[in-house]
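Take a look at the structure below.
The values are calculated or read from the model by the stated rules, or taken from the named source; none is laboratory data. Here the structure is a predicted model, which means the values were calculated and not measured. All Cβ positions, glycine included, derive from the backbone under ideal geometry; neighbour counts span all protein chains shown. These area figures cover heavy atoms from the full protein model, side chains too; ligands, DNA and RNA do not enter into them. Shrake-Rupley method; radii C 1.70, N 1.55, O 1.52, S 1.80 Å.
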Amino acid sequence: DFVVKPVTSPGATASEVLFPLSDIWYDVDTMQRIEISGNTNSAASMIVDSDIDKIPVYQRGGSIIPRKLRLRRSSRLMVNDPYTLYVALDNNMMAEGSLYMDDETTFDHQKLGDYGIAKFSSDWSSASVAMSNSVDIGSDEAVHAKRIDNRIVERIIFMGVSNEPRGIELIFPGKPNASMEFQYDPFSKILVIRKPGVSALENWSMKLVH
């Protein structure tokens, strides 16, 4: 789901990147769509900036990438850090992705089936679903995989949103719908939901209101 161009030459300020045209691509830093044209069954190259502060990395349209953004001294200290979900919509205004979670220490994922898999999907077309999550737990004996407070989603960033929705409603099974706050920038086509109050280990959906 990424195109990465390593910069290996000293003093380089630009690099040539080859983009598969079967998908659209977003710069992971600016979150802007790369404007490049050609036959969808081919690839096209583009010269991009790649100075000492920039590594060319691009996310595929149609993908959802979970990331942890806290800067820590080791990955062990990041275990309970919250997730930010980067949703790169494709030409059909859809995206999907998954997140595997276990205790990151023991072999309980093998011995006890103590793991969870979140399956995220987004469909801004006819389905009008900003985001939904369906969770699979490894087994009934799972302990860590049921601790929803350890797998919080703190932010969801949507790229390629062409129009601002009138509202977004959070739907939990068996609970009343709740309106969500969001920020939308029509120039960058980015919509951000901060502190949505959901866990990656829960089933939920976010409905678009037009």
Original post:
Pick from region 31-46 the residues that are touching a Ser or Thr at 6+ places or on another chain (Cβ under 8 Å) and not aliphatic (A, V, I, L, M): which of them is surrounded by the most Cβ atoms within 10 Å (Cβ to Cβ)?
Top reply: Gln32
Original post:
Of all the residues that make up region 25-43, how many are farther than 23 Å from Leu69 by Cβ and out of contact with any strand residue (DSSP E or B) (no Cβ under 6 Å at 6 or more places or on another chain)?
Top reply: 6
Original post:
Looking at (1) surrounded by fewer than 20 Cβ atoms within 10 Å (Cβ to Cβ); (2) over 30 Å from Lys189 (Cβ atoms), which is the one condition that is false for Thr84?
Top reply: (2)
Original post:
What are the pairs, 6+ residues apart or on separate chains, where a residue within region 183-210 that is in a strand (DSSP E or B) has its Cβ under 6 Å from a residue that is open to solvent by 60 Å² or more (accessible area, probe 1.4 Å) and among the polar types (S, T, N, Q)?
Top reply: Val192/Gln183
Original post:
If you go through region 47-70 one residue at a time, how many are open to solvent by 50 Å² or more (accessible area, probe 1.4 Å), in contact (Cβ under 8 Å) with a residue 24 or more places away in the chain and of a type in the set (A, V, I, L, M, F, W, C)?
Top reply: 2
**OP:** Take region 71-81 and flag every residue that is out of contact with any Ser or Thr (no Cβ under 9 Å at 6 or more places or on another chain), open to solvent by 70 Å² or more (accessible area, probe 1.4 Å) and farther than 25 Å from Val3 by Cβ.
**Re:** Arg72, Arg73, Leu77, Asn80
**OP:** Check whether at least one residue in region 171-179 is under 20 Å from the mean Cα position of the chain (by Cα) and either in contact (Cβ under 8 Å) with a residue 24 or more places away in the chain or over 17 Å from Pro82 (Cβ atoms) (or both), and report yes or no.
**Re:** yes
Original post:
Can you tell which of Val7, Val48, Val57 is hydrophobic (A, V, I, L, M, F, W, C), under 21 Å from Ser188 (Cβ atoms) and at pLDDT below 95?
Top reply: Val48
**OP:** Take region 8-44 and flag every residue that is hydroxyl-bearing (Ser, Thr, Tyr) and not in a strand (DSSP E or B).
**Re:** Thr8, Ser9, Thr13, Ser22, Thr30, Ser37, Thr40, Ser42
Original post:
Does Val135 meet the test of being out of contact with any Lys or Arg (no Cβ under 7 Å at 6 or more places or on another chain) and not basic (Lys, Arg)?
Top reply: yes
